[in-house]
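To start, the structure under review is shown below, and the notes come after it.
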Amino acid sequence: MERRDFLRGLGAIACSAAAHPLMNTVTLASGRGLGDHRLIVVILRGGMDGLDVVQPLQDPDFRALRPGLPAAALPLTGGFALHEGLGGLAPLWQAGELAFVHATSTPYRDKRSHFDGQSLLEAGTGMDVQVGAARDGWLNRMVQAMPGLRAETAYAFGRESMPLLTGAGPTLSWTPEVRLDLSAQGRQLLEHVFHDDPLFREAGGQALRLSEEEVEMGAAAAPASGPLVPGQDRPWRDVDLLADFAATRLRGETRIAAFSLSGWDTHRGQAAALPRALSRLQRLVLRLRHQSGAQVWGRTVLMAMTEFGRTARENGSGGTDHGTAGAMLIAGGAVAGGRVLGRWPGLAEADLYDRRDLMPTSDLRHWAGWAMRGLYGLDRAVLERQVFPGLDLGSDPGLLL
Amino acid sequence: MSDQISIAARRFGYGLPLSEGAATSPGAILAGLDTADDMARIWPVPGMAEVLPILQHAQAGRRERRMTGAPSETYETAVRLSRQVARDAARATIARALDAPCGFRERLVAFWSDHFTVKARNPPEAVLPEAMVTDAIRPHLSGKFADLLIAATLHPAMLVYLDQVASIGPGSPFGRRRKRGLNENLAREVVELHTMGVGAGYGQDDVRQMAELLTGLDATAAEGFVFRPNRAEPGPETVLGRRYDGEGLEPVHAVLRDLAARPETADHLSRKLAVHFVADEPDPALVAAMVQAWRDSDGTLRAVYGAMLHHPAAWGAEMRKARQPFDFIIAACRALGLDGLRLASLPDRPVQRQLIAPMALMGQRWRGPGGPDGWAEDARAWITPQGMAARIGWAMESPQRLIRDLPDPRDLAQRSLGADAGEALLWAVARAETRREGVGLLFSSPAFNRR
C-alpha cells in the first residue's frame, strides 16, 4: 500500500466514524473524557532482551544458548524466572499487579533495524505499510478516536520526541527541567511574536503555560529520594523527576501517558549493561506507583514494550544481537497480574525464527488493543481499522481485573 | 522578504551578520571549500595520534584497578585528561563556527559528523568523536564520497562505537581458539545508515556477509587502527550479488567503494543533504539535480553541493527549517558579536553553563544523539514545548552573561535578521520592558529560529 492510500484510508475512517451509529457509545463516553482509567505506555528503545529479562529456565535449550549470561533467581509461573534487575518489582508480582507477555513482537521482520523497528512499533502499522510512511502514532490515533478530549488528557513525558503520541489528536509533551523568568509583559509579547507561525504558536504557547504551572506545583511535591523497595531499588534523579511530574498530571486530568527509556541495545557485556537499564525501568514503575497514590494506581495499566527482542544465542562478545520476538511488561492496579502470558514457542533450533531468534507467537498490538478496549470500551472496529489498521484483534486475553 | 544575502547566510551558514567580503553567491560559497582549512589550524582539535596516550593511560589504569581491586589514580587522570580534551574540542568547534568566513564548510562538517555519528560509551572515550572529525571528516569534505566513507568506517571511533572491535570471524584462527563470533552492528549501519538507506534493496544475508567481510578491523590504545588477519573470516563473501575475495584490507575497501557507487546511495545522500540544508520536504527537482551531479561526477561531493547551491529551489524565500540548537546558539552568539577570541577568554564554567548545557536542554546534547542515526531534521522534532521553553529560557538569560553590554534589541533585530525581521517582531521588540527581554523576544521569535 502506498503512503497516500494509507493516509487517505485513515482520513476516511476518521470522518465517517463520527457519523457511525456504532461510535455513539464512544462519543458519549467522551463527555466524561476517558473515565477514570489511566494507560501508560513506556517505549524501551534499543531492543530489550526478553529472554534475559523473563528467562525460560525450564526450557531444555535455554542454558546452552546462553552459557555466559547469569541465570535469573526470582521464580514467576510456568517455569519462567525474573531477572534480578527487576527484583524490586517482586511485591507487585505478589500483589497481582504485574504480568509479562512472552514471545510477542510487532509485525516487523527480518531487517532488524532499531529505527524501522521503533518506527513500526510507534506507528502501530503492519508490514503492508511502508515503514516511516505513517505520520501519526497509534496512541495518538486512539486519542483521535475519542473526539472532544482536551490536550491535557494525553501527555508525552521527557526530553525525547515520542512518535507514538504524535499526530492530529490533541496531546501535550513536557520535561520538568526548565524554568522561565518572564514579566507579564514579556509573556504577552512572546505570544504576539509566535502568533503567525502555527508551529511556534502551539509549542511556544504550551511552553509558557506549562512553565507557569510548574512553578506553582514545584513546592507541593517534595517526596522521599531514597529506595522504594530497600535493597532492590535505587533512585535515578532524571527518572524520579519525570515520574513525579507525570504522577501529578495523572492524579489530575491526564489519562494517557507515554515515556521512553533507552539503554537496551546490549551488543556486548550484557551482564553489566542490562541491569542498569532494568534498574531505570523498575524505578519508573515503582516511583509512578508511589507518587500517583493507591487510588490512581488501582485504575492504571502500564505497558512497557520494545521494538524487537534479541538473538536467542549469546554472541561472541558477551551480548546479544538484534532479534525478533521479545517480552512485554504490564503493571498496574487494574491488571490481572501474577501471570506470564503468551504461547511459548520453544528454543530448539527448528522452533526459532530464522533459526536465530525467539519465534513471535503473538502481535503486541493484540495486547495493547485489548488493554485499550478494556480500559475505555473502544469498539473492536475502531481498534482494527483506525488505531491498528489491519490488525485482527483476536479473542480477549483477560488482561484486566 | 528574504534576499539572497540573508538566504546565503542563514540557510548555508550560521546567519547574519556576515563578515566582510563573505561569499553570498553559489559559486563563491563553493569556492570557499577550495581554500585552506584555516579554522582547523587556528582552533585545532587533536586527532587519533594525539589522543592515543590518554587511551593508553586509561587502559593501564584499568589493569591497575583489576590487579589491586582499588580505584586507580592512573585511570582517573586519563578520565580527567579526556574530559578536558573533549571540552576544549567543543569550545574549538564553537569558535570555528563563530569565526568561519565560509560558514558552509562548518555546516558541512556538522552534517557529515552527524551522518557518521559516533559517541563515547565511557569517560575515557570522550576524545574519540572529536578525533574522528579531525582525521576523517574535515579532510574529506568535498572529495569523493567513497574516500569519506572509508575514512569514517575505518576510524577507531567508529570501530569502537559500533562494536566492530568485538566482531570476530568465527572461522578465523582467533575465533576458533576463543570460540568468539560476529557482531553485525557496524556492517548493518554501514549499509543501512551510511550508504544505501533504510529499506533499500539489501537483505539480512547481505548484512551477515558484510559482517564477515569486515572482520579483522580493530582498534587498540597502543596503535589506533589495526588490521588483524587472524580475526578475519577466511574465504570469499558475497554482498549484494558481488563476490569479494582477497587478503587484508583490499576487499574491505572494495566493498565500501561499491556501496558508495550504488544508485541507492546517491539517492539517499542527495536527499539527505537537501533535507538538511533546504527543506524538510525538498523540491524533487532539486534532489534530482543533485543525484544527477552525483552520477556525473562519480560521487564527488563538491559537485553535489554545487548542484544544490546552483538550483533555484535552494533559494526559495520561505524559511521552512528550524535551526538546530547548536546552530541557534551560534547564530545568536554571532549576532551578539561574540567571536572565537572572546570565547577563548572565558573560563570553562560559563562555557558549560551558557553554551553546552543549554543545547542539551533544547534537545541536542553535545556529541550525544540518541543513536547512530544522529539528530532529527524535522522542525517539529525541535520546536516542541520543552524545546521552546529551553530556547526562551536561554534567550532571556544567557546573552547578558556572555557579553558585557546588551545592544539595543531593535538594532540587533536589523543586524541578525535584516529584511526578515518583519513588522510584528520589530513592534514587539520595541515594546519590551528591558533590553534583556527585548533580546530574549528576538531570539525566541520564529523568524530567528527558522532558516
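Key figures
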quantity: Any hit, the stretch B:182-191, residues being in a loop (DSSP other than H, G, I, E, B), within 11 Å of chain A (Cβ to nearest Cβ) and more than 20 Å from B:Arg262 (Cβ to Cβ); calculated: yes
quantity: Pairs where the first residue, in the stretch A:255-278, is closer than 22 Å to A:Glu152 by Cα and the second is among the polar types (S, T, N, Q), C-beta under 7 Å, 6+ apart; calculated: A:Arg255/A:Thr153; A:Ile256/A:Thr153
quantity: Residues of the stretch A:293-345 satisfying the condition of being closer than 19 Å to A:Gly79 by Cα and open to solvent by less than 10 Å² (accessible area, probe 1.4 Å); calculated: A:Ala312, A:Ala325, A:Gly326, A:Ala327, A:Met328, A:Leu329, A:Ile330
quantity: Leading residue by the ranking (most open to solvent (accessible area, probe 1.4 Å)) among those in the stretch B:142-174 that are more than 14 Å from every other protein chain (Cβ to nearest Cβ) and in contact with a Lys or Arg (Cβ under 7 Å, 6 or more places away or on another chain); calculated: B:Ser142
quantity: Considering residues of the stretch B:408-440 that are acidic (Asp, Glu) and more than 8 Å from every other protein chain (Cβ to nearest Cβ) only, the residue nearest to B:Gly393 (Cα to Cα); calculated: B:Asp408
quantity: Within the stretch A:363-393, tally of residues that are more than 17 Å from the chain's Cα centre (by Cα) and either under 17 Å from A:Leu329 (Cα atoms) or open to solvent by 30 Å² or more (accessible area, probe 1.4 Å) (or both); calculated: 8
quantity: B:Arg451 being more than 8 Å from every other protein chain (Cβ to nearest Cβ) and either under 26 Å from B:Leu273 (Cβ atoms) or surrounded by fewer than 21 Cβ atoms within 10 Å (Cβ to Cβ) (or both); calculated: yes
quantity: Residue within the stretch A:264-274 that is acidic (Asp, Glu) and within 17 Å of A:Leu69 (Cβ to Cβ) present; calculated: yes
quantity: Looking only at the stretch B:361-384, and only at residues there that are open to solvent by 10 Å² or more (accessible area, probe 1.4 Å) and not in a loop (DSSP other than H, G, I, E, B), the one that is nearest to B:Arg121 (Cα to Cα); calculated: B:Leu361
quantity: Scope the stretch A:154-175; condition surrounded by fewer than 22 Cβ atoms within 10 Å (Cβ to Cβ) and more than 9 Å from every other protein chain (Cβ to nearest Cβ); matching residues; calculated: A:Gly167, A:Ala168, A:Pro170
quantity: Condition check for B:Met67: in a helix (DSSP H, G or I), of a type in the set (A, V, I, L, M, F, W, C), out of contact with any strand residue (DSSP E or B) (no Cβ under 8 Å at 6 or more places or on another chain) and within 30 Å of B:Asp411 (Cα to Cα); calculated: no
quantity: Given (1) open to solvent by less than 10 Å² (accessible area, probe 1.4 Å); (2) at pLDDT below 95; (3) more than 8 Å from chain A (Cβ to nearest Cβ), number of the condition B:Gly387 does not satisfy; calculated: (3)
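For (1) at the interface with another protein chain (Cβ under 9 Å from one of its Cβ atoms); (2) closer than 24 Å to B:Asp99 by Cβ; (3) touching a His at 6+ places or on another chain (Cβ under 7 Å), each residue gets a yes or a no:
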residue: B:Ile330; (1), (2), (3): no, yes, no
residue: B:Arg342; (1), (2), (3): no, yes, no
residue: B:Leu346; (1), (2), (3): no, yes, no
residue: B:Gly374; (1), (2), (3): no, no, yes
residue: B:Ala381; (1), (2), (3): yes, no, no
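The values are calculated or read from the model by the stated rules, or taken from the named source; none is laboratory data. In this text, all values refer to a predicted model and were calculated from it rather than measured experimentally. Backbone-built Cβ (ideal geometry, glycine too); neighbour counts: all protein chains shown. Heavy atoms of the whole protein, side chains included, go into the accessibility calculation; ligands, DNA and RNA do not. Shrake-Rupley method; radii C 1.70, N 1.55, O 1.52, S 1.80 Å.
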